[in-house]
Each structure stands twice: as C-alpha cells, then as structure tokens.
Number of protein chains: 2
Amino acid sequence: MALPHVLGVDLGGTNIRVAVLDANGSIGHASRTKTLSEQGPDAVIDRIADLIAAVAAEAGIGADIPVGIASPGPLNPRTGVVHYTPNLPGWRDVPVVSKLEQLTGRKVALANDGNCAALGELRFGSARGCKNLVYLALGTGIGGGVVTEGVLIDGKNGLGAEIGHTLVSIDGPRCTCGSIGCLEAYASGWAIQAEAMKVATTADGDRLRELATDGHIHAGVVATAAAEGHQASIAILERAGRALGASIGSFINMFDPEMIVIGGGVATLGEALMGPARKMIPQYSFVDMRRDVPVVYSSLGGDTGLYGAGALAFMTFD
Amino acid sequence: MALPHVLGVDLGGTNIRVAVLDANGSIGHASRTKTLSEQGPDAVIDRIADLIAAVAAEAGIGADIPVGIASPGPLNPRTGVVHYTPNLPGWRDVPVVSKLEQLTGRKVALANDGNCAALGELRFGSARGCKNLVYLALGTGIGGGVVTEGVLIDGKNGLGAEIGHTLVSIDGPRCTCGSIGCLEAYASGWAIQAEAMKVATTADGDRLRELATDGHIHAGVVATAAAEGHQASIAILERAGRALGASIGSFINMFDPEMIVIGGGVATLGEALMGPARKMIPQYSFVDMRRDVPVVYSSLGGDTGLYGAGALAFMTFD
C-alpha cells in the first residue's frame, strides 16, 4: 500500500526540524528545536526522538509511518552511522539509525544533506520528473548529490558524490578538506569570503568594509558591492562563477544529466555568480547536444532539508 | 533460465571481432574480419551479421543467444543508435541495434567501448565481484566507464561517463573535444605525443628522434627514453601521471569506488606513468578512508572489447 505520508527530519548544527510530508510534498505539521550539539550525540538523538513523537502525536499519525533524516556528513547510509561532522562537534561513528529506530519504534533512513536535497529536488522541486540530475548546494562549503536513471550515486560506503571536492585546477588553492584546487576552494561561501578579505586589506576594499555592518565580509556583502558596480567585487564573483561553470561543464560530460539544480545560500547571489558560470559551461562541455542542459535554481529554499528527508523516506520505504 | 553463453562483438575502426563467451568469461569460438569502414555503415553492419552467423554456426549455438556490441561512440544505448564516431568515418545516427536485430534475428545490446570495458572488468576482469568501479581506458584518447552499486552511469542519453573529458585545470591546454583542460589533454596517447613533439624540436630531443624508428614519437618511445634516464621524457610522463593521479583523487571523492582499473594501450607504460599518479591521489582525495582505494591494471588486455561486449549481453539479457 502506498504510504500516505512520512516524517522528515532536518538535522542541522543549529536546529532540528521535523515535519510530516505527504506524497505530493505538502508539509503538514512541523516543528523545530535547538540542536544543542554541545550536549553530545545521545542527548541530540533523544531530542530528535522527542520531536518526532510530538509532531506525530499532533498530526495523529500511526507508528507505522517511517522517518527520513537529512544529516550533515560524512556518514554511511547503508549502516546508518554518522562518521563525524564539523557541524556537530564530538560526533564520531554515531549509530543514528539504530538508536532512533529503538527510541521511536519506526523505520528510519539516513542520508547526507546534499544527497537528500538532490532527492528532494527530484521528487518535489525544480527537477520533478527528472531521472538524471546534478544538484549543487552552494553554502559555506559545497555539497550536492547526483542521480543517474533514478539511482542516487553514493558509492561503496555511501560517501559519494562529493562534487564540491572535485578538481577545478591541479595548481589551484588549498581546500579546507586538505586537497588542492577543489570547486569548494573557488565557489563556496568561505572561498568568496577569503577573496574578499584579501581585497578588504587594500584601498579597493573600502566599500566592502563599509557594507560589512557586522564586521563580516561574507558573500552577501560582496554581492551587494558588485551590484553597485564595485569592480573588485565583480571580479571576485566572476572568479567563483567561472570555476562553477567549468565544473558544471565537466559534470555534464561526466553524467549526461537532464538538469542541473543550484541550491544553498550562495545560490541566492543569483546571476552575479551564475552569469559568469553560464558563459563557461559550453567551453567545458564537449558535445553540442549537451550544451542546452538547463541550469536552474532550487525551488525548495530553506525547507530543502525537510523535503529531502521526506523524499528519502518515500524512496526508501514506499 | 540462465544464459549458458552470449555473443560478443568488438567493433573497431580496423577490425570487427566476434566471439562466444560463457558465463565465466571463457572465450570459445572467435573470429575477426576487417571493418572496411570506408564502405559505409550498411556494409559494415552486413559484415558484422555475417561474422555473427559464421561464429554461431561454428559453435553450434541457437538463434535465442543474444548479442552484445562494444562500439566507439558517442552513441545512445537506449535507442541503439551510434550518433557518429571519429573511428568510423561517415557514420551519422546509424540504428545499429535495429538493423542487426533484423539481420540476425537475435536480441542485441549496444554500449560504448569504455562503458563495455567497465562492465567487462566488473564481470570477468580485475574488478570481479566489485559493485563500485571507475574504469579508465588510456589510449590515443581517454574513455572509461563508472559503475555505482552495480549500475552503469550513463545518463539521460546514455552518453556518460566521459571521464576523459573532465576538468584537470580551468587554465589547461585545449582538448581535441573542444573543451579546455580535460584529463585527455594531459594523459592520453596524443597528449603525451604532443609534449614529446615539442621536446623533439629541441636539442634535448635527440634521443627521442633516434628511438622513433618509424618517425612517430609516440608514448612508447617516450617510455623507452624515460627508462634509459632521459630527463625530458621522465618529465613528460610525470606531467601526464600527475594529471592522472589528481583526476583519480577527484573521482574517488565523486564516486567512492571500491577500485580503480586502468586499461588501454597507454596503461602498458606502467609505473613510469602510474608512479607519479599514485603519489598524487592522496593529495586530491580528501577523506582518509578513501586513500586506500586500489588502483590496478586491467587484466583483460587486447580482448577487453570482447569481454565487455559479452558482459553487456549477460547484464542486459540474463
């Protein structure tokens, strides 16, 4: 029998969110609580279980309704274990699925937030109806997910597809992951901020310092300055956009997708970033027939995690 | 009922080869004929059908035994159409599968040679028993295939995974495919030869010109000179190997594979190329647990096309 709805959990460094989603992607009852990750994994998992119980009671749904969890990674979706994650300090090989199944009595599926978001876009978002998708989450870092013929690419340990950590230049800048020349080292929030900080120390940086009212010259500040015509800021976004576009071209050669979806906070910079990216794509994808792959923005916005977790639950248990 | 054997066809620019393969990968009856591609697609397809009939008659196998074809691409395995291919001049949107099914009365599956080879390695070769594989065919160009959880990644039009045409450097050399900075522009036979031709015009190139007895300073000549200690040749192979290793690191982040298999003629250069590659892999793959992914040579050698075509037939029809 088709599942009428599922429970989606968006586990983040700051908040835990839980919602009921139906098969059409309507979010019904929803609630949130602070993650309070400093209390350690057991306390966080207890809080997730409590929130699931509260939302389920409020919505009046049965004990047979399963749960999908979007979590920061790296994690192994096959074993249900979160290996560790910068967003949740102190987590090391935490068996999230088995603990939550025990606490809730429900079936639970786990996937990393980038892969969940790809599933969410496919089932409920901009890529609805697609079977072949590359999803890029442009945030402080860069995550994402790839679906080919309806199957999520996640590899031996479920650690793929780390498309933010693929090569833009063999001689490029060092990435926070330790590798060299990753896409994330060019086009992520932190990479844009790092370039802006360099500019900020020069005379060219006056406007950036003025706009950074809270003292942080983040990507949004750069975009505001660029919109005013600030040349150094335009150049920063062009550099990031060029790397993003070249990578998208390379992903098209790799995956032959129907669509590329761009999500995450940095995607809200819009065409200041994506304009330069779009110009590069045809130069880095080689077969004419691939050059018209649509590159669109996510339609799920701040609820991407919930939609992704719900899509994961439907795909796993329905 | 399990298929006892299949017919494999290796369609190349020079030769057509047909063989009977059993489920364990033993090649039974086999034969070959010239492709004579200048006679055009219909004549070539007739020759394939004739050779299939001859081999089947010789082996005494029934009309119900299906056929797998490994062909140069780009092609669409879902429609059975070869779009065009540099190796077979004049081919344009040739419906190979429907024509061959009509001529032979057999079921026919088609895939590009790189993807077939990945399936062949998985079923019969170095990656036997794996479910997650990246296969690289290092030849004049670079092709390959990727399998994730047993599924071949080939995308919307079946054109993936063109892993030879993924990014090594956004500021890299122009590739024959028209893009910039592809792996093929660094580590393929033609790229190594192009670097060697530059050296050959200098005083450093004396030894290369001496060794090129047929006038062609191909990759094998560079390897011979490098083995003698010729510094410029060692540098050429190091440059190619470094790009190959960085790409493999990036593929590990992307696909989380169990194994990387290296095949194709350029792979026979061995550790002169692969040594520098192996050193780079940990610098370009970011999670410690991925750094021990084995990188091994193909065990199928010159019969890769036949094994791959056979594996395709078993996977499609068994």
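Quick look at the numbers
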quantity: Wholly within segment A:161-235, helices (runs of 4 or more DSSP H) carrying at least 1 residues that are over 25 Å from the mean Cα position of the chain (by Cα), farther than 26 Å from A:Leu133 by Cα and assigned by TED's automatic domain parsing to the domain that holds A:Phe251; calculated: A:189-200, A:206-211, A:219-227
quantity: Exclusive hit being touching a Lys or Arg at 6+ places or on another chain (Cβ under 8 Å), outside any helix (DSSP H, G or I) and not hydroxyl-bearing (Ser, Thr, Tyr), set A:Pro257, A:Pro276, A:Pro282; calculated: A:Pro257
quantity: Selected residue (criterion: nearest to A:Asp93 (Cα to Cα)) from residues of segment A:175-194 that are touching a residue at least 12 places away in the same chain (Cβ under 8 Å) and facing chain B (nearest Cβ under 7 Å); calculated: A:Cys177
quantity: Which numbered condition A:Val221 fails, given (1) over 30 Å from B:Cys177 (Cβ atoms); (2) within 14 Å of chain B (Cβ to nearest Cβ); calculated: (2)
quantity: Failed item in (1) farther than 20 Å from B:Asn76 by Cα; (2) in contact with a Ser or Thr (Cβ under 9 Å, 6 or more places away or on another chain), with B:Ala117 passing the rest; calculated: (1)
quantity: Count of residues meeting criterion [under 29 Å from B:Ile163 (Cα atoms), crowded, with 20+ Cβ neighbours inside 10 Å and not aliphatic (A, V, I, L, M)] in segment B:219-258; calculated: 12
quantity: Count of segment B:160-174 residues which are buried (at least 24 other Cβ atoms within 10 Å of the Cβ) and facing another protein chain (nearest Cβ under 7 Å); calculated: 9
quantity: Residue within segment A:42-64 that is over 28 Å from A:Ala2 (Cα atoms) and of a type in the set (Lys, Arg) present; calculated: yes
quantity: Failed item in (1) over 29 Å from B:Ile163 (Cβ atoms); (2) surrounded by fewer than 18 Cβ atoms within 10 Å (Cβ to Cβ), with B:Ala200 passing the rest; calculated: (2)
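The values are calculated or read from the model by the stated rules, or taken from the named source; none is laboratory data. All figures in this text were calculated on a predicted structure; none of them were measured in a lab. For neighbour counting, all protein chains shown are included, and Cβ atoms are generated from backbone atoms with ideal geometry for every residue, glycine included.
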